[in-house]
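Read through the structure below, which is laid out as structure tokens, and then see the notes.
Every number here is computed from the coordinates shown, using simple stated rules; none is lab data. It should be emphasised that the depicted structure is a prediction, and the values quoted were computed from it without experimental measurement. Cβ placement follows ideal geometry from the backbone for every residue including glycine, while neighbour counts extend to all protein chains displayed.
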Amino acid sequence: MELHKKILLGSFISMAMVSCSTTNDNVEENSPQVQAASNADTSAGFENTRMCKDVYLPGEGYIPGTASKGAVLTSKKWPNGSVITVSFIGGSTTVRNKVMQYAQAWSQYANITFKFVTSGTAQIRVSFKSGPTDGSYSYIGKDALGIPANQETMNFGWFTDTTSDTEFSRTATHEFGHALGMIHEHQHPLAAIPWDKPKVYAYYAAAPNYWTQAQVDTNFFTKYSTTQTQYSAYDKFSIMHYSISSTLTTNGFSVGNNTVLSPTDKQFIATVYPK
């Protein structure tokens with residue numbers, strides 16, 4: 001079977017922006033062992049959807065709605081075989097253990113090791129800030145190295161001891177995908193999602209996101225250009241894809257809550273970081 005590569009900020013011109021996306025525990029969930037019901041869409045499954053904000057390296061600018069997203073001539077990909085150190089800022093033992101568990105989903109296929117440490121300055125620093133303006137996010141790949149040592153490079157804004165395993169799987173796997181250099185699949189250069197833009201603006205302007213139109217443009221409608229990304233086929237089952245309700249598209253197109261690595265995710269990351 002032909003390998004369908006995903007977008008990744010790697011050996012090609014890379015991006016300054018990083019973002020992330022997932023949903024809260026009110027979303028209809030499926031077992032991590034079974035892909036989310038073939039992305040079936042139900043109205044209840046998309047209520048109270050929480051998306052996270054984009055974060056940028058200090059000093060890097062970006063004009064919402066443009067195709068460039070502040071491209072820079074630097075690679076976000078870690079050297080193959082890297083042992084990437086990770087530490088926690090806060091969080092209960094239960095939550096930390098779950099994050100460690102699901103972060104390793106990538107290491108099964110990529111020649112990368114996440115080493116969780118309790119001393120020293122780790123390359124990736126995970127916090128659990130849960131204020132109204134916080135969410136879940138991660139800097140892309142080696143951008144984490146440009147963040148001051150006393151600041152987090154990744155955050156999980158809604159994890160608690162009662163969070164389901166499905167939600168831990170969905171969110172932690174997604175964010176550590178960003179940490180390896182992957183971007184959002186719905187911003188794939190070849191994605192042709194028929195957005196109903198007025199409805200998307202209205203939906204995400206309301207609770208719990210309260211996004212401006214510019215923020216919606218940034219997180220949904222802006223695509224990465226073909227000159228800035230390594231890519232081939234678009235994959236709606238990717239762990240890096242936002243969930244999309246059929247009510248937010250013009251023809252009923254939808255994407256469910258992807259909770260585990262898709263077959264293409266596994267194949268692609270194995271070519272980016274080959275063992």
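Numerical summary
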| item | result |
| --- | --- |
| In order through region 264-275: 3J(HN,Hα) via Karplus (6.51 cos²θ - 1.76 cosθ + 1.60), integer Hz, x for Gly, Pro | 5, 3, 5, 5, 5, 5, 6, 8, 6, 10, x, 7 |
| In Hz, Karplus ³J(HN,Hα) per residue of region 175-188 (6.51, -1.76, 1.60; θ = phi - 60°; x = Gly, Pro) | 5, 6, x, 4, 4, 8, x, 7, 10, 6, 5, 6, 9, 4 |
| Rounded, prolate or oblate (a/c below 1.5 giving rounded, otherwise prolate when a/b exceeds b/c) for region 67-188 by Cα gyration tensor | rounded |
| By average C-beta atoms within 10 angstrom, highest first, the peptides 207-220, 248-261 | 248-261, 207-220 |
| Most to least packed among 174-181, 101-108, 159-166 [average Cβ atoms within 10 Å] | 174-181, 101-108, 159-166 |
| Global form of region 131-275, assessed from the alpha-carbon gyration tensor, a/c cut-off 1.5 | rounded |
| Residues with amide H under 5 Å from that of residue 244, placed H, sequence gap 5 or more | 255, 256 |
| Amide H contacts of residue 154 (H built 1.01 Å from N, under 5 Å, at least 5 apart or other chain) | 125, 127 |
